[in-house]
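Asks: Before anything else, here's the structure in question.
The values are calculated or read from the model by the stated rules, or taken from the named source; none is laboratory data. As the structure is a prediction and not an experimental result, all values here were calculated from the model. Note that each Cβ is placed from the backbone with ideal geometry, even for glycine, and that neighbours are counted across all protein chains shown.
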Amino acid sequence: MQKLNKKTIEDYKNYPEKVLQFGEGNFLRAFVDWQIDVLNKTTDFNGSVVVVQPLGSGMVEKLNEQDGLYTLYLQGMKEGKPVKEHSLINAVSRGLDLYTQYDQFVELAKNPDLRFIFSNTTEAGIAYDETDSLEDQPQKSYPGKLTAFLYRRFQAFNGDKSKGFIIIPCELIDRNGEKLNKIVLQYATQWNLGKEFIQWLNEANTFCCSLVDRIVPGFPRDTIGEITEELGYKDDLVVIGELFHLWVIEGPQWIKDEFPAHLAGLNTLFVDDLTPYRTRKVRILNGAHTAMTPVSYLYGLDTVAEAVDHPVVGSFIKELIFEEIIPTLDLPIEELNYFADAVLERFMNPFIKHFLMSISLNSMSKYKTRDLPSLLEFIGRKEELPAKLVFSLAALISFYKGKRGTEDIQLSDDQDILALFNQQWKTFDGTIESLSAIVKMVLGYEKNWEMDLNAIPGLTDMVTNYLYEIETKGMKNAIEGVLKVKVEQ
């Protein structure tokens, strides 16, 4: 069977190199490069991506062997039905290994067509390394590599301000564009690159903060044999992603003229402030994950899809999202409902097996960042406690007992958290009074919460009562007490 390359397909196309991309991994290929492929096919974007492998090992050799081509499978739920579709991505022109092709990287700075720089160098990638220097080939840090490239660009075009870049990092850290910009300016000063270069950095380049959202499981090791038979060619870079995608880019609206995602039907938004979109994602998607996990697991379920599809637990999750989380957010209700519906479809994706135990890692700190803000905001707006969010907090305390029936739960958290729960659950004697003491200690653990949750009127008693229901009646009976509708089990 033939290996995928430009000779094995009929309509391979060459596009001008308009994008420099730091990172060749599965996410960027299933998210950014896919979008550029869509733009090329549906708009006049007419550009390709030069992929830079920022580390000493990676996939650019395979990418070059396949002439930048690879197959993307998108799988998920659409209008309540499972959908699986694939496309051949023809958006990458070539890959560069910075450790063996640094001269080609420097030469690329002279390309007048180059306009965009994207990156995904992991959450630790946007970091300052004081040992980096301009003479390194390459620099150790991503910001160091980027600064060196931008300086070569500045030199190649004598500071021409029309030759700057739109720089959009995709790393999963808050205010990623601002942090990258700050470190680049730090290197420019440290390396004595001059006031004119710093002025060019500030005036000719646009650093955008962005928020990305798509689950990308990556290479399908378990099913690559049948996929190869289906495709009729050998592809070493097949990548699997979910159907859903969202890219929120904080930047000036004129970028849409150069990156016309809106004309291609892509769920890519250019906004003045991405904060409400980040809050929406953290509160609805991540918050629902964290809140559902102890409830669903103690109910006897193991995966996210099982939980959402379950008549009882699924009702709990939906009421939690639509009645307690959404009312605490400030975006238009239509947008919030649309996003929440999309989240539930994603949770039910039959092609992705998302285990609840994998979400349970560090659940105490996750509840603090993902769910506590919703709980506090709900109280502030409604002047009452949100029953489902409080119930999930009680379930979390029960979960940290480390037992599901007779089965041990492999808890994973900081040692001080595990020690706290281990010590507290040893004091439980079956009475509501002993549970109340446990709840007071947990809610008062300010090292995690950065406040004493016992100070919230009524919270300690409500958590205690729910925990008592869970411990004496079991999760299957206890959950009925917080559901608005009686659900047949």
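Asks: Mind listing whichever residues of the stretch 296-340 are free of Cβ contacts under 8 Å to residues at least 12 places away in the same chain and more than 22 Å from P373 (Cβ to Cβ)?
Replies: Matches in the stretch 296-340: E306, G314, E334.
Asks: Tell me the helices (runs of 4 or more DSSP H) entirely within the stretch 395-481 that contain at least 2 residues that are exposed (fewer than 13 other Cβ atoms within 10 Å of the Cβ) and within 32 Å of the chain's Cα centre (by Cα).
Replies: Working: elements: 415-425, 432-443, 446-449, 459-473, 475-478.
Helices (runs of 4 or more DSSP H) meeting the threshold: 415-425, 446-449.
Asks: Assess whether L55 counts as being on the phi < 0 side of the Ramachandran plot, out of contact with any Cys (no Cβ under 9 Å at 6 or more places or on another chain), in the same structural domain as G164 (by TED's automatic domain parsing) and part of a loop (DSSP other than H, G, I, E, B). Write out each step before concluding.
Replies: On the way: on the phi < 0 side of the Ramachandran plot: yes; out of contact with any Cys (no Cβ under 9 Å at 6 or more places or on another chain): yes; in the same structural domain as G164 (by TED's automatic domain parsing): yes; part of a loop (DSSP other than H, G, I, E, B): yes.
Yes.
Asks: Quick one: how many residues across the stretch 237-280 are surrounded by fewer than 16 Cβ atoms within 10 Å (Cβ to Cβ) and of a type in the set (D, E, K, R)?
Replies: So the count comes out to 4.
Asks: Does K161 satisfy being modelled with pLDDT under 95 and either surrounded by fewer than 21 Cβ atoms within 10 Å (Cβ to Cβ) or hydroxyl-bearing (S, T, Y) (or both)? Walk me through how you get there before you give the answer.
Replies: Working: modelled with pLDDT under 95: no; either surrounded by fewer than 21 Cβ atoms within 10 Å (Cβ to Cβ) or hydroxyl-bearing (S, T, Y) (or both): yes.
No, not satisfied.
Asks: What number of residues in the stretch 48-90 are farther than 24 Å from G125 by Cα and among the hydrophobic types (A, V, I, L, M, F, W, C)?
Replies: 7
Asks: Which of the residues spanning the stretch 432-451 are free of Cβ contacts under 8 Å to residues at least 24 places away in the same chain and hydrophobic (A, V, I, L, M, F, W, C)? So that I can check it myself, show each step before the final result.
Replies: Our first condition is that a residue be free of Cβ contacts under 8 Å to residues at least 24 places away in the same chain; within the stretch 432-451, this holds for 433-434, 437, 440-441, 443-444, 446, 451.
Within the stretch 432-451, A437, M441, L443, M451 qualify.
Asks: Residue by residue through the stretch 102-157, note down the ones that are in a loop (DSSP other than H, G, I, E, B), buried (at least 18 other Cβ atoms within 10 Å of the Cβ) and not hydrophobic (A, V, I, L, M, F, W, C).
Replies: Within the stretch 102-157, R115, N120, T121, G125, D132, P138, Q139, S141 qualify.
Rundown of residues vs (1) within 29 Å of K62 (Cβ to Cβ); (2) at pLDDT 95 or above; (3) not hydrophobic (A, V, I, L, M, F, W, C), yes/no style:
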{"position": "S210", "(1), (2), (3)": "yes, yes, yes"}
{"position": "F219", "(1), (2), (3)": "yes, no, no"}
{"position": "I224", "(1), (2), (3)": "yes, no, no"}
{"position": "L237", "(1), (2), (3)": "yes, yes, no"}
{"position": "K256", "(1), (2), (3)": "no, yes, yes"}
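Asks: Consider K353 against the criteria (1) at pLDDT 95 or above; (2) within 26 Å of I397 (Cα to Cα): it satisfies all of them except one. Which criterion is unmet?
Replies: With (1) at pLDDT 95 or above; (2) within 26 Å of I397 (Cα to Cα) applied to K353, the lone miss is (1).
Asks: Take K368 and tell me if it is in contact (Cβ under 8 Å) with a residue 40 or more places away in the chain, surrounded by fewer than 16 Cβ atoms within 10 Å (Cβ to Cβ) and of a type in the set (K, R).
Replies: no
Asks: Turning to a different aspect of this structure: Would you mind finding the one in Q75, Q35 that is closer than 30 Å to P350 by Cβ, touching a Ser or Thr at 6+ places or on another chain (Cβ under 7 Å), crowded, with 16+ Cβ neighbours inside 10 Å and assigned by TED's automatic domain parsing to the domain that holds I255?
Replies: Numbers: Q75 fails: touching a Ser or Thr at 6+ places or on another chain (Cβ under 7 Å).
Going through Q75, Q35 in turn, the sole match is Q35.
Asks: Scan the stretch 164-187 and report the pairs whose first residue is without any contact (Cβ under 8 Å) to a residue 24 or more places away in the chain and whose second residue is surrounded by 19 or more Cβ atoms within 10 Å (Cβ to Cβ) and part of a helix (DSSP H, G or I), with Cβ atoms within less than 7 Å and a gap of 6+ or a chain change.
Replies: Final answer for the pair search is L185/L201.
Asks: While we're here: In the stretch 321-377, which residues are aromatic (F, W, Y) and farther than 26 Å from V83 by Cα?
Replies: The one that is aromatic (F, W, Y) and farther than 26 Å from V83 by Cα: Y367.
Asks: Condition first: in contact (Cβ under 8 Å) with a residue 60 or more places away in the chain and either among the hydrophobic types (A, V, I, L, M, F, W, C) or part of a loop (DSSP other than H, G, I, E, B) (or both). Now tell me which residues in the stretch 286-295 satisfy that. Write out each step before concluding.
Replies: Of all residues in the stretch 286-295, those in contact (Cβ under 8 Å) with a residue 60 or more places away in the chain come to 286-287, 289-295.
Across the stretch 286-295, the qualifying residues are A291, M292, V295.
Asks: Go through (1) out of contact with any Pro (no Cβ under 8 Å at 6 or more places or on another chain); (2) more than 23 Å from E107 (Cβ to Cβ); (3) in the same structural domain as E171 (by TED's automatic domain parsing) one by one and return the number of the condition L28 breaks.
Replies: The number of the failed condition is (2).
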